[in-house]
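Some notes on the structure that comes next.
Where a number appears in this text, it was derived from the coordinates with a stated rule and is not lab data. Everything quoted here is computed from the prediction, not taken from an experiment.
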Amino acid sequence: MNQEQVKSESAIRDVVIEYCVVCNYRAIAAVTAKQVEMEFGVKPTFVQSKVNGALEVKVDGELIFSKTKSGRFPQQGEVVQILKKRMKGEA
């Protein structure tokens with residue numbers, strides 16, 4: 001497998017950030033989206049959650065961060081770090 005094939009197979013195609021509107025998590029979702037876009041050149045899609053307190057990040061259909069499961073917001077740059085590890089095959 002050549003380097004171009006590895007790059008295309010590990011490339012991020014779709015990022016979805018689901019956030020709670022009632023909880024006013026739009027700003028946190030926007031900051032996370034901007035970090036992802038700046039680092040990977042992929043503009044995330046925003047989805048308004050029907051789950052109270054949700055802030056979920058999915059990449060190519062895979063849940064990579066969940067405030068609902070973790071009970072906390074992502075740290076500054078945490079989602080980008082998770083994505084970098086995922087691309088290297090570490091996550």
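A few notes on this one:
- In the structure shown, the pairs K50/K88; K50/K84; K43/K69; K50/K85; K43/K85 are assessed against 22 Å; a Cα-Cα span above that value is assigned to K50/K88; K50/K84; K43/K69; K50/K85.
- Normalising the average separation of contacting C-alpha pairs (under 8 angstrom, six or more residues apart) by the number of residues puts the relative contact order of the chain at 29 percent.
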